[in-house]
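Notes follow once the structure below has been shown.
The values are calculated or read from the model by the stated rules, or taken from the named source; none is laboratory data. Everything numeric here is computed off the predicted structure, so don't read it as measured data. Cβ placement follows ideal geometry from the backbone for every residue including glycine, while neighbour counts extend to all protein chains displayed.
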2 protein chains.
Amino acid sequence: MNPTSGNAPDSLLKLENFLCFAIYSTANAVTRAYQPRLAALGLTYPQYLVMVVLWERENQTVKSIGDKLSLDSGTLTPLLKRLESAGLITRRRDTADERQVLIGLTDEGRATRKRAEAIPIAIGQAFGCTLGEAKDLRAELMTVRDNLIAGIDKAK
Amino acid sequence: MNPTSGNAPDSLLKLENFLCFAIYSTANAVTRAYQPRLAALGLTYPQYLVMVVLWERENQTVKSIGDKLSLDSGTLTPLLKRLESAGLITRRRDTADERQVLIGLTDEGRATRKRAEAIPIAIGQAFGCTLGEAKDLRAELMTVRDNLIAGIDKAK
DNA sequence: ACGCATTAAATCGCACACAATTAAATTGTG
DNA sequence: CACAATTTAATTGTGTGCGATTTAATGCGT
């Protein structure tokens with residue numbers, strides 16, 4: 001028996017069986033769901049994630065932020081410049097190691113945290129699952145994610 | 001007790017508790033995992049999804065493809081033009097309804113299907129979970145996705 | 001039949017993602 | 001200490017996603 005729906009020999013190439021499509025499409029839906037709430041703060045979804053990382057700890061390097069979000073400088077550098085233009089963060093070279101750029105928060109960036117606190121609650125409700133289910137799903141996804149990343153790194 | 005990790009009052013704003021980040025980051029990892037295999041076929045991941053939809057049924061409208069993938073014409077029109085330039089699909093106005101554009105497959109587009117059949121198997125292994133676990137995870141994600149989309153539509 | 005709302009694609013602008021490359025600073029090794 | 005390897009950001013180019021608008025075709029109510 002094929003554990004996915006249907007028994008046709010090509011069922012592995014059917015969209016409805018694709019875990020990857022479920023992940024891809026849910027991610028797009030997440031961005032769209034956040035968009036109106038984040039627009040009120042002047043943030044995009046990736047910018048919001050960067051702010052979350054900085055609200056946890058200020059003065060991190062681009063590399064540190066990139067490790068936490070799995071994003072490289074090609075994505076982060078222009079994004080951080082936009083956050084700087086918006087007056088939410090600061091960028092300065094680390095005098096101890098001139099290769100690094102330290103990202104800090106402005107007063108406005110810190111203040112935005114309070115306005116953001118209502119968002120996870122609202123979005124959590126939009127997911128339509130309990131906190132326990134959300135936690136389990138999150139754990140399963142992070143396992144899959146780490147497996148995928150390990151496979152990518154191994155190939156290099 | 002807070003069912004997410006930690007009891008700090010701000011734990012809802014911690015990255016490690018974010019289901020949405022798990023989804024976002026896993027989706028990025030999926031794209032990166034597919035990239036080397038799809039590059040051998042000359043496809044990007046979204047282009048591959050469009051091809052999967054067309055391999056299931058030829059001569060669909062842009063709207064039909066967009067409904068299945070939750071993508072609009074702003075994303076699909078340029079993507080489809082690239083697939084046409086690559087010689088994999090055909091685009092022609094529906095003579096019965098001139099608003100619609102019918103997307104078909106070329107011989108090369110159909111032939112690419114055979115070369116793509118090994119990909120879901122390889123990626124499935126990279127996920128590092130059983131087919132049963134993948135099926136369950138897929139179902140949970142699609143439920144979350146549909147809930148999010150329903151919330152977005154309701155807001156309009 | 002007329003006109004108006006609806007629908008389908010295309011277009012435009014902005015912001016990611018990421019591969020690949022470049023430039024500069026630091027580390028490590030002989 | 002020299003100098004090659006490594007590390008960190010920035011840059012460049014391609015391809016999405018999506019909001020917003022535009023254009024053209026169709027449907028629908030009177």
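See the values below:
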quantity: Scope the stretch B:62-75; condition in contact (Cβ under 8 Å) with a residue 24 or more places away in the chain, surrounded by 18 or more Cβ atoms within 10 Å (Cβ to Cβ) and within 13 Å of chain A (Cβ to nearest Cβ); matching residues; calculated: B:Ile65, B:Leu71
quantity: Any hit, the stretch B:103-111, residues being part of a helix (DSSP H, G or I), within 13 Å of chain A (Cβ to nearest Cβ), of a type in the set (Gly, Ala, Ser) and surrounded by 12 or more Cβ atoms within 10 Å (Cβ to Cβ); calculated: no
quantity: A:Ala116 vs. criteria surrounded by 14 or more Cβ atoms within 10 Å (Cβ to Cβ) and touching a residue at least 60 places away in the same chain (Cβ under 8 Å); calculated: yes
quantity: Subset of the stretch A:137-153 that is more than 7 Å from chain B (Cβ to nearest Cβ) and not aliphatic (A, V, I, L, M) - its residue that is farthest from A:Ile23 (Cα to Cα); calculated: A:Asp153
quantity: Answer from A:Gly104, A:Gly132, A:Gly109, A:Gly124 - the residue that is under 18 Å from B:Lys14 (Cα atoms) and touching a Lys or Arg at 6+ places or on another chain (Cβ under 9 Å); calculated: A:Gly104
quantity: Helices (runs of 4 or more DSSP H) lying entirely in the stretch B:7-82 (those with 2 or more residues that are in contact with a Phe, Trp or Tyr (Cβ under 7 Å, 6 or more places away or on another chain)); calculated: B:19-39, B:45-56
quantity: Condition met for A:Ala139 (out of contact with any strand residue (DSSP E or B) (no Cβ under 7 Å at 6 or more places or on another chain), of a type outside the set (D, E, K, R) and more than 20 Å from B:Gly151 (Cβ to Cβ)); calculated: yes
quantity: Complete set of residues in the stretch B:80-92 that are of a type in the set (D, E, K, R) and more than 8 Å from DNA strand D (Cβ to nearest atom); calculated: B:Lys81, B:Glu84, B:Arg91, B:Arg92
quantity: Count - residues of the stretch A:28-61 that are more than 12 Å from DNA strand C (Cβ to nearest atom), assigned by TED's automatic domain parsing to the domain that holds A:Thr112 and surrounded by 18 or more Cβ atoms within 10 Å (Cβ to Cβ); calculated: 5
quantity: Among residues of the stretch B:45-79, those that are in contact with a Lys or Arg (Cβ under 6 Å, 6 or more places away or on another chain) and either within 8 Å of DNA strand D (Cβ to nearest atom) or under 24 Å from A:Arg32 (Cβ atoms) (or both), counted; calculated: 1
quantity: Candidates A:Ala122, A:Ala96, filtered to the one that is exposed (fewer than 14 other Cβ atoms within 10 Å of the Cβ) and closer than 23 Å to A:Ala29 by Cβ; calculated: A:Ala122
quantity: Of all residues making up the stretch B:8-44, the number that are within 11 Å of DNA strand D (Cβ to nearest atom) and among the hydrophobic types (A, V, I, L, M, F, W, C); calculated: 5
quantity: Count of residues meeting criterion [among the β-branched types (Val, Ile, Thr) and more than 12 Å from A:Leu12 (Cα to Cα)] in the stretch B:112-121; calculated: 1
quantity: Residue within the stretch A:6-13 that is out of contact with any helix residue (DSSP H, G or I) (no Cβ under 7 Å at 6 or more places or on another chain), farther than 22 Å from A:Asp146 by Cβ and surrounded by 15 or more Cβ atoms within 10 Å (Cβ to Cβ) present; calculated: no
quantity: Top-ranked residue in the stretch A:125-136 [being facing another protein chain (nearest Cβ under 7 Å) and not in a helix (DSSP H, G or I); ranked as surrounded by the fewest Cβ atoms within 10 Å (Cβ to Cβ)]; calculated: A:Gly128
